[in-house]
Each structure stands twice: as structure tokens, then as C-alpha cells.
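S.K.: What follows is a single structure, and I will ask about it in a moment.
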Amino acid sequence: MKIKKNKPALFAMLALLLLTTQYNYAQKAFNSSELRVSENDLNNSFYAKDSTANALVIYEYGDSYVEGADYNIVTHYAKKIKIFNRKAFDKGTVEVYLYRNDSSHEEIDDIEATTYTKVNGKVEITHLTSENIYKEKYNDRLNLVKFTLPNLKEGSVITYRYSLKSPFIFNFKEWTFQEDIPKLYSEYNTKIPANYIYNIKLVGEKKLDTNTAELERDCLTHGTASASCAKTLYIMKDIPAFIEEDYMTSKKNYLSKIEYELISTEWFDGTKRDYTKSWKTVDREIKRDESVGKELRKKNISEKLLIPLVLTANTPLEKAKEIFLYVQQNYSWNKENRVFTQISLKKLIKEQSGSVTDLNVLLRNLLKENGLDANLVLISTRENGLPTKIFPVISEFNYSIVELLIEDQKYLLDATDPYLTFGQLPFRSLNQYGRKLDFKNDSDWTAIAAHETSKSQISIQLNLNENQELVGQMNTRYSGYHGLTKKKAYFSNKEQYLNKYKDQLHGFSAKEHIVKTEKITDTYFTETVKISKKINENNQDKFYFDPFLLKLFTENPFKLQERTYPVDFGFKDAYSYSITMDLGDSYEIVEIPKNIRLTLPEKKASIYMSSTVLGSKVRTTFTLNFKESFYPSIFYSGLKKIMSEVVHAQTKSLIVLQKKK
């Protein structure tokens with residue numbers, strides 16, 4: 001009999017493409033050029049470019065400048081939002097945070113807010129009243145001003161405006177173009193005097209539609225002296241909503257915005273003041289610091305250890321592994337991420353528990369003391385965002401690791417997790433780069449990456465016996481971060497692990513489960529299990545078999561129409577799965593899954609699936625490879641397509657078997 005390949009489900013995809021093409025008809029334009037509410041603003045019930053949006057920012061305007069009278073930074077702000085449904089009613093509540101210190105504070109004034117709603121063909125206009133504006137102390141450094149737009153309904157358009165005044169020149173108003181709903185138009189005007197020097201940084205992948213600058217002379221005066229201003233205009237249009245999705249680091253890395261960091265000022269009397277330090281200055285300060293700097297300077301740590309460090313290795317690498325294992329096994333992390341405060345090796349040695357920097361300073365010092373080239377590295381974890389590279393912002397670092405160099409080979413170490421193998425970092429640490437503190441030389445940036453590919457390998461061999469049972473063995477092997485996850489699950493609760501393991505086998509029973517991994521720090525997690533399943537219990541002439549006993553994905557993690565930020569897996573990934581069934585003389589193979597082959601350019605990612613029949617045996621192999629840990633957003637559509645194929649393969653693939661007559 002001729003064996004058929006399953007046909008791909010193209011009809012639904014073509015129908016969706018046709019529907020999408022027909023759907024993008026011309027929508028009557030919103031008025032995105034001003035705050036005034038137009039007829040179209042009220043009548044439009046959805047946004048054609050993103051029909052899933054619950055609301056739309058139609059217009060946003062800002063203007064920030066230094067006021068001549070008292071040199072305050074003044075910002076005028078205005079915004080217009082269309083509310084499509086009640087899921088966006090939270091957009092009708094506005095919160096403004098105002099910075100303060102012991103001597104001064106920011107102020108808000110001229111608050112105006114209005115709700116426009118079309119009811120039975122007539123426009124209802126409701127204004128915010130002053131008694132519905134609330135002010136409170138938010139914390140020691142912030143006041144909060146809050147108001148809610150009145151009479152909000154589905155289909156309403158809201159507008160609001162206010163003015164801010166800040167005496168803090170370091171707090172020039174940053175501008176966020178992107179938020180969790182789409183925007184049609186966002187404009188920001190600034191006027192900055194030449195005696196105020198800011199580092200201005202555009203964050204995010206979306207480009208500005210307008211970015212102009214011109215010189216305005218004598219914009220700021222003081223007696224007979226004056227200063228010119230840089231007058232800038234930033235405009236961004238058609239900004240998609242920023243929707244958080246799997247495989248990303250902190251959203252503040254990628255939200256389209258403009259940030260300002262005050263570098264220096266020069267007053268009219270010639271007085272200069274620097275606000276941003278150089279790394280050389282910061283290096284000196286850290287070295288002299290009475291917390292982390294003091295502990296990094298300590299020597300002869302081995303003599304103070306309560307648990308002796310015994311080294312037997314002959315090579316630098318083996319010696320480093322012994323030292324790492326010593327710290328990892330004898331000292332525990334208390335889950336605190338302190339970097340610069342309350343660092344104490346004396347307390348750590350006594351209590352055998354401490355912060356991440358306590359543990360890693362001890363590790364670094366012991367490596368250094370034994371003739372190895374080791375340095376502490378300051379980093380920011382994935383959820384904390386990327387640290388600024390242009391100038392030091394110490395507050396952006398919330399974690400530390402150790403860099404070890406042996407014969408030009410770099411090893412990154414972290415003693416906080418007892419399951420880590422030598423040279424492996426916790427997943428939270430995989431955030432592109434960190435600042436290496438080298439007291440002999442200048443500090444410098446160092447790359448942070450998981451160089452080894454994390455692999456999942458599954459192999460299944462099954463035979464059909466005379467009792468109509470498929471019996472055989474499944475062998476699995478996991479490395480890298482897949483192995484780390486497996487080790488933690490198994491060694492922390494073996495009974496629970498085995499129960500979950502059995503639940504994943506889709507009707508197969510499991511026995512003689514053997515884990516070959518002996519230590520929690522082993523590189524691989526390897527296991528075997530005997531499996532069996534009664535098939536065709538209803539004694540049908542034809543029945544269907546799912547070749548995927550273990551599923552990698554059952555739904556596509558990539559769902560956005562457009563993703564404006566990169567896909568960051570954290571590590572390179574490889575998955576391989578194979579299953580071979582010998583059906584003997586009882587059944588013939590009627591149909592097998594279709595072959596799949598799809599790759600990204602330069603083979604940066606790929607999916608491959610193949611099913612073959614040889615006599616009474618049928619074999620299905622499946623591989624998925626991500627050869628990069630980080631993919632810019634231009635690869636998103638390709639990755640989304642690959643993951644769609646993965647889900648389809650693992651949820652829709654069937655082998656059709658028929659009884660031999």
C-alpha cells in the first residue's frame with residue numbers, strides 16, 4: 001500500500017491572509033494633529049492597524065524648557081485617548097509623580113481634563129472638577145497627584161493637560177513614546193540652555209519620524225549675560241503597543257523613549273559643576289570604599305576560614321574548580337542582591353550565609369590568593385535592565401559575578417547556586433555585559449553569555465508484542481540550562497519529579513526509572529525509563545498514534561502582530577527527538593507525518609522533521625535549533641513561523657496504522 005504524507009493545513013492560513021488583506025481597508029482618520037476632539041475621533045470604534053487594541057493614544061504633546069525667572073524646568077503636557085471598551089477604563093485614571101527632597105519639590109498646575117462621549121447622536125462633555133484631584137505623599141522622595149476622568153464610557157474620548165515645574169535640573173523630563181496601547185502621534189519639544197550639558201539617549205528600536213535641532217540665541221538671560229539654547233523637536237508616529245511577551249529582558253531596555261542624564265553645568269558667573277563621574281573616578285572610590293572595596297583588598301583569607309580549604313589539584317583550572325566547589329558547597333546565598341553596602345567576609349565566614357557579593361567576593365579573593373587571575377564583575381540582572389555604558393550609574397548594578405582568566409580562556413562564575421556547574425551562571429545573570437573591577441588596571445566592560453548550547457535529547461525505542469502492547473525504553477539527556485532545570489526538579493523532590501514525569505507520557509506507563517546523574521553539579525542530567533502502552537483496545541481496523549510522547553511546546557509563545565524589541569532566549573538551544581516503532585506483522589503503516597524543513601537566514605534557527613518507513617519499522621525524527629541566544633526584532637516573523645511549525649508538528653502529527661488482513 002502507498003503510504004501518504006499528512007497534507008499541511010494551508011487552507012486556514014490562506015483564508016486568514018485573505019481576511020487580513022480585506023480587513024485593512026481605509027479607516028476614517030483620527031485627528032492626530034491636535035488635542036481638539038473631532039467627529040471621527042468619536043465615531044471610530046476600533047483601530048484598523050491593531051484591532052485588538054482596547055484604547056488608542058490619538059495625540060500626545062510635550063514641551064520642556066528652562067524658565068528664565070528662577071531657572072526651573074517647566075513642562076507642558078497634553079494627551080488625547082480613545083477608549084474602545086471597558087478594558088481600557090484604567091486609562092482614565094492619571095497618576096503624576098513629583099520628586100521632592102528636604103528643601104524643595106516639584107509642582108503641578110493648570111490641570112484640565114475632559115470626557116467626550118457620543119450618546120444618541122449628541123456629544124456629552126464632562127469636565128474634571130478640582131475636588132476630584134487628589135494629592136498625597138507617595139514615599140520619602142515622591143508626591144503623587146491623581147485624578148480620574150469623569151463619566152467614562154465605552155467609545156469615549158478623553159483629553160487632559162497640565163504643567164509641571166521642577167527646581168531639579170538633574171531631572172529633565174524624559175519622554176516615553178511607547179506604552180501598552182498604540183499611539184498615532186507623539187511629539188516632544190525641548191529647549192536646553194548651552195550651560196546645561198545632558199547626555200541624551202534614545203532607547204528602543206523604533207526610529208524617530210522627526211528629529212530636528214536648531215540654535216535659539218539669548219534664550220536664557222541673567223543680568224547682562226545670556227545663553228543660547230538647543231531647540232529640538234522629536235516626533236514619532238504610528239507607534240505599536242508595547243506588549244510584553246516571553247523571551248525578553250526588562251521592558252525598560254526596549255520601550256521607545258528619550259532619557260536625559262545631567263553631565264555638567266556652567267553658571268553665568270563661570271562656576272562649573274560635574275554631575276557625572278568618569279569610570280576612573282568611580283574605580284578609585286570603589287577601591288577606597290569601606291564596604292565592597294575594603295573586602296576586595298583583604299588578603300590571607302584562607303587563614304581565617306572556619307572550614308579549611310584543602311587543594312589537591314596540580315593545574316590552574318582544576319585548582320579553580322576546587323575553590324569554586326568549596327565556596328559553593330560551604331556557603332549559602334541569603335537571596336539578597338546587595339552590591340555596595342554591608343559586605344562582610346567576616347560575617348559570611350562565621351554564619352556561612354550571605355549576599356551575592358559576600359559569596360562572590362570570597363570566591364574572587366580565594367582565587368586571587370592562589371595565584372589565579374580573578375576579578376569581581378558588577379552586573380544588572382535580566383529583570384533589572386541593562387546598565388548604561390556611556391557613563392557610570394552605579395545604582396543600575398544590582399548583582400555581581402566573578403570573571404576568571406586561565407590561559408586566555410574566560411570563565412564566568414557565581415557561587416550562589418549549588419546546582420551550577422563550573423563556568424555556568426544563573427539564568428538571571430545572562431544580561432549581555434557587566435563591568436569588571438580590576439584594581440591593577442582600569443575597570444572595563446566584559447561580555448556575559450552562555451557559550452555552550454543547552455541541549456535536550458530524547459530517544460525512544462518501541463516494539464509491538466503479541467499482547468498488542470508497545471513496550472520499550474526512553475533515554476533522555478539534558479545539558480546546560482535544560483540540565484540545570486532537571487537537576488533542581490529531581491534532586492529537590494524525587495517523588496514529585498517522578499509523578500510529574502509519568503503524567504507527561506500520554507497514557508504510557510513507566511517503570512524502572514533510572515537517573516544516571518549522581519551529583520547536583522554534574523554537567524548532564526541523564527535518565528532512562530521502561531515504558532509500555534496497550535494499543536487499539538477497541539480492536540479497530542484503523543487507529544492513530546501520536547509519535548510525540550513528550551511535548552516541547554503546545555502553543556506558540558510568539559503571538560504579536562509586530563514585536564519592536566528583540567527575542568532574548570538567554571542561551572543557545574538545541575532539541576532533538578526520535579522515536580522508532582517496530583510493529584511486526586500485525587499492522588501496516590498507512591500514513592505518516594509530513595516532512596518539515598524551515599530555516600532562518602544564515603541558518604540562525606531551524607526546524608527539521610522527517611518520518612520514514614522501513615519494513616515493519618516507522619521512525620520519526622525532529623530537531624529544533626536556535627544557534628543564537630539573541631535575535632533582533634527583524635527575525636521575529638521568522639521565529640514566529642518556526643514556532644508555529646513546532647506547535648503544529650507536536651500537536652497535529654499522527655501515524656495511521658491499519659490491521660493487516
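S.K.: Pull up the range 59-108, narrow it to residues that are hydroxyl-bearing (Ser, Thr, Tyr) and out of contact with any strand residue (DSSP E or B) (no Cβ under 7 Å at 6 or more places or on another chain), then point me to the one that is nearest to Phe268 (Cα to Cα). Don't jump to the end; show me each part of the working.
M.R.: Here is the first cut: in the range 59-108, the ones hydroxyl-bearing (Ser, Thr, Tyr) are 59, 61, 64-65, 71, 75, 77, 93, 97, 99, 103-104.
Now narrow it down to the ones that are out of contact with any strand residue (DSSP E or B) (no Cβ under 7 Å at 6 or more places or on another chain): 71, 103-104.
Numbers: Tyr71: 12, Ser103: 23, Ser104: 22 Å.
This residue is Tyr71.
S.K.: Which residue pairs have Cβ atoms closer than 8 Å, lie 6 or more positions apart in sequence or on different chains, and pair a first residue in the range 273-301 that is closer than 20 Å to Ile349 by Cβ and assigned to a helix (DSSP H, G or I) with a second residue that is aromatic (Phe, Trp, Tyr) and modelled with pLDDT under 90?
M.R.: Val292/Phe340; Leu296/Phe439
S.K.: Out of the residues in the range 283-292 that are open to solvent by less than 70 Å² (accessible area, probe 1.4 Å) and touching a strand residue (DSSP E or B) at 6+ places or on another chain (Cβ under 9 Å), state the one that is farthest from Leu220 (Cα to Cα). Break it down stepwise before answering.
M.R.: At the first step, the residues of the range 283-292 found to be open to solvent by less than 70 Å² (accessible area, probe 1.4 Å) are 283, 286, 289, 291-292.
Now narrow it down to the ones that are touching a strand residue (DSSP E or B) at 6+ places or on another chain (Cβ under 9 Å): 283, 286, 292.
Values: Asp283: 37, Ile286: 39, Val292: 44 Å.
Among those residues, the one meeting the criterion is Val292.
S.K.: Additional query: With respect to Asn431, is the statement that it is in contact (Cβ under 8 Å) with a residue 12 or more places away in the chain, under 23 Å from Glu383 (Cβ atoms) and of a type in the set (S, T, N, Q) true?
M.R.: Judged against the criteria, Asn431 is a match.
S.K.: Now a separate question. Of all residues in the range 100-109, how many are open to solvent by less than 70 Å² (accessible area, probe 1.4 Å) and in a loop (DSSP other than H, G, I, E, B)?
M.R.: The total comes to 3.
S.K.: Restricting the search to the range 256-271, which residues are open to solvent by less than 30 Å² (accessible area, probe 1.4 Å) and either among the small types (Gly, Ala, Ser) or outside any strand (DSSP E or B) (or both)?
M.R.: Hits for the range 256-271 are Ser256, Ser264.
S.K.: Mind checking which residues of the range 153-166 are assigned to a loop (DSSP other than H, G, I, E, B) and open to solvent by 50 Å² or more (accessible area, probe 1.4 Å)?
M.R.: Lys153, Glu154
S.K.: Across the range 42-76, what is the number of residues that are open to solvent by 30 Å² or more (accessible area, probe 1.4 Å) and outside any loop (DSSP other than H, G, I, E, B)?
M.R.: Counting residues in the range 42-76 that are open to solvent by 30 Å² or more (accessible area, probe 1.4 Å) and outside any loop (DSSP other than H, G, I, E, B) gives 5.
S.K.: Could you list all residues from the range 360-370 that are open to solvent by less than 10 Å² (accessible area, probe 1.4 Å) and either more than 15 Å from Ser291 (Cβ to Cβ) or more than 27 Å from the chain's Cα centre (by Cα) (or both)?
M.R.: The answer is Val361, Leu362, Leu363, Asn365, Leu366, Leu367.
S.K.: Restricting the range 194-210 to residues that are surrounded by 13 or more Cβ atoms within 10 Å (Cβ to Cβ) and at pLDDT 95 or above, which is nearest to Tyr260 (Cα to Cα)? Walk me through it before giving the result.
M.R.: Looking only at the range 194-210, we keep the residues that are surrounded by 13 or more Cβ atoms within 10 Å (Cβ to Cβ), and these are 194-206, 208-209.
Right, trim to at pLDDT 95 or above and you get 208-209.
Details: Leu208: 17, Asp209: 20 Å.
My answer is Leu208.
S.K.: OK, next. Residue by residue through the range 235-247, note down the ones that are in contact with a Phe, Trp or Tyr (Cβ under 6 Å, 6 or more places away or on another chain), open to solvent by 20 Å² or more (accessible area, probe 1.4 Å) and assigned to a strand (DSSP E or B).
M.R.: Lys237
S.K.: Which residue, of Ser250, Ser228, is within 30 Å of Gly570 (Cα to Cα) and either among the small types (Gly, Ala, Ser) or open to solvent by less than 20 Å² (accessible area, probe 1.4 Å) (or both)? Give the derivation first.
M.R.: Values: Ser228 fails: within 30 Å of Gly570 (Cα to Cα).
Just a single option satisfies the conditions, and that option is Ser250.
S.K.: Also, quick follow-up: Just checking, how many residues over the range 308-331 are of a type outside the set (Lys, Arg) and in contact (Cβ under 8 Å) with a residue 40 or more places away in the chain?
M.R.: Residues flagged as of a type outside the set (Lys, Arg) and in contact (Cβ under 8 Å) with a residue 40 or more places away in the chain within the range 308-331 amount to 13.
S.K.: Could you list all residues from the range 435-444 that are under 16 Å from Arg364 (Cα atoms) and not in a loop (DSSP other than H, G, I, E, B)?
M.R.: Hits for the range 435-444 are Arg435, Lys436, Leu437.
S.K.: In the list Leu215, Leu184, Leu220, Leu202, which residue meets the criterion of being within 24 Å of Asp90 (Cβ to Cβ) and in a strand (DSSP E or B)?
M.R.: Only one candidate passes the filter, namely Leu184.
S.K.: Which of the residues that make up the range 110-152 are surrounded by fewer than 16 Cβ atoms within 10 Å (Cβ to Cβ) and among the charged types (D, E, K, R)?
M.R.: Hits for the range 110-152 are Asp110, Glu112, Lys122, Glu124, Glu131, Lys135, Glu136, Lys137, Asp140, Arg141, Lys146.
S.K.: Same structure again: I need the full set of residues from the range 417-434 which are among the polar types (S, T, N, Q) and either more than 25 Å from the chain's Cα centre (by Cα) or part of a helix (DSSP H, G or I) (or both), in order please.
M.R.: The initial filter retains those residues of the range 417-434 that are among the polar types (S, T, N, Q), namely 421, 424, 429, 431-432.
Correct list: Ser429 only.
S.K.: Next question, about the same structure. Just one of (1) among the charged types (D, E, K, R); (2) open to solvent by 10 Å² or more (accessible area, probe 1.4 Å); (3) in contact (Cβ under 8 Å) with a residue 12 or more places away in the chain trips up Glu403, so point out which.
M.R.: The one condition Glu403 does not meet is (2).
S.K.: Going through the range 494-530 one residue at a time, which ones are outside any helix (DSSP H, G or I), under 26 Å from Gln329 (Cβ atoms), open to solvent by 60 Å² or more (accessible area, probe 1.4 Å) and of a type outside the set (Phe, Trp, Tyr)?
M.R.: Those that are outside any helix (DSSP H, G or I), under 26 Å from Gln329 (Cβ atoms), open to solvent by 60 Å² or more (accessible area, probe 1.4 Å) and of a type outside the set (Phe, Trp, Tyr): Ile514, Lys516, Glu518, Lys519, Thr523.
S.K.: Hey, another quick one. Just to be sure, is Lys165 modelled with pLDDT of 95 or more and out of contact with any Lys or Arg (no Cβ under 6 Å at 6 or more places or on another chain)?
M.R.: Spelling it out, Lys165 is indeed modelled with pLDDT of 95 or more and out of contact with any Lys or Arg (no Cβ under 6 Å at 6 or more places or on another chain).
S.K.: Another one. Across the range 408-423, what is the total count of residues that are over 17 Å from Ser332 (Cα atoms) and either open to solvent by less than 10 Å² (accessible area, probe 1.4 Å) or modelled with pLDDT of 95 or more (or both)?
M.R.: Matching residues across the range 408-423 total 5.
S.K.: Still on this model: Got a number for residues in the range 371-384 being touching a residue at least 60 places away in the same chain (Cβ under 8 Å) and open to solvent by less than 40 Å² (accessible area, probe 1.4 Å)? So that I can check it myself, show each step before the final result.
M.R.: Step one: filter the range 371-384 for residues touching a residue at least 60 places away in the same chain (Cβ under 8 Å), giving 375-377, 379, 382-384.
Restricting the remaining residues to those that are open to solvent by less than 40 Å² (accessible area, probe 1.4 Å) gives 375-377, 379, 382.
Qualifying residue count for the region: 5.
S.K.: Whether any residue in the range 462-480 is under 19 Å from Lys572 (Cβ atoms) and either touching a Lys or Arg at 6+ places or on another chain (Cβ under 6 Å) or of a type in the set (Ser, Thr, Tyr) (or both) is what I want to check.
M.R.: yes
S.K.: Condition first: free of Cβ contacts under 8 Å to residues at least 60 places away in the same chain, open to solvent by 20 Å² or more (accessible area, probe 1.4 Å) and not polar (S, T, N, Q). Now tell me which residues in the range 575-604 satisfy that.
M.R.: Arg597, Leu598, Pro601, Glu602, Lys603, Lys604
S.K.: Testing Thr276 on (1) buried (at least 16 other Cβ atoms within 10 Å of the Cβ); (2) at pLDDT 90 or above; (3) more than 30 Å from Arg563 (Cα to Cα), one condition comes back false. Which one is that?
M.R.: For Thr276, the exception is condition (2).
S.K.: Is it the case that the range 584-596 has a residue that's out of contact with any Leu (no Cβ under 8 Å at 6 or more places or on another chain), farther than 20 Å from Thr476 by Cα and either polar (S, T, N, Q) or part of a helix (DSSP H, G or I) (or both)?
M.R.: Checking the range 584-596: at least one residue is out of contact with any Leu (no Cβ under 8 Å at 6 or more places or on another chain), farther than 20 Å from Thr476 by Cα and either polar (S, T, N, Q) or part of a helix (DSSP H, G or I) (or both).
S.K.: Considering only the range 226-246, state which residues are closer than 13 Å to Leu560 by Cα and among the hydroxyl-bearing types (Ser, Thr, Tyr).
M.R.: Residues satisfying the conditions do not exist here.
S.K.: With the structure loaded, tell me whether Val647 is open to solvent by less than 30 Å² (accessible area, probe 1.4 Å), within 30 Å of Gly204 (Cβ to Cβ) and either among the aliphatic types (A, V, I, L, M) or touching a residue at least 24 places away in the same chain (Cβ under 8 Å) (or both) or whether it fails that test. Break it down into steps so the answer makes sense when it comes.
M.R.: Values: open to solvent by less than 30 Å² (accessible area, probe 1.4 Å): yes; within 30 Å of Gly204 (Cβ to Cβ): yes; either among the aliphatic types (A, V, I, L, M) or touching a residue at least 24 places away in the same chain (Cβ under 8 Å) (or both): yes.
Answer is yes for this residue.
The values are calculated or read from the model by the stated rules, or taken from the named source; none is laboratory data. Quick caveat: nothing in here was measured; it's all calculated off a predicted structure. Glycine also receives a Cβ, built like all others from the backbone with ideal geometry; neighbour counts cover every protein chain displayed. Keep in mind that these areas ignore ligands, DNA and RNA; they rest on the heavy atoms of the full protein, side chains included. Shrake-Rupley method; radii C 1.70, N 1.55, O 1.52, S 1.80 Å.
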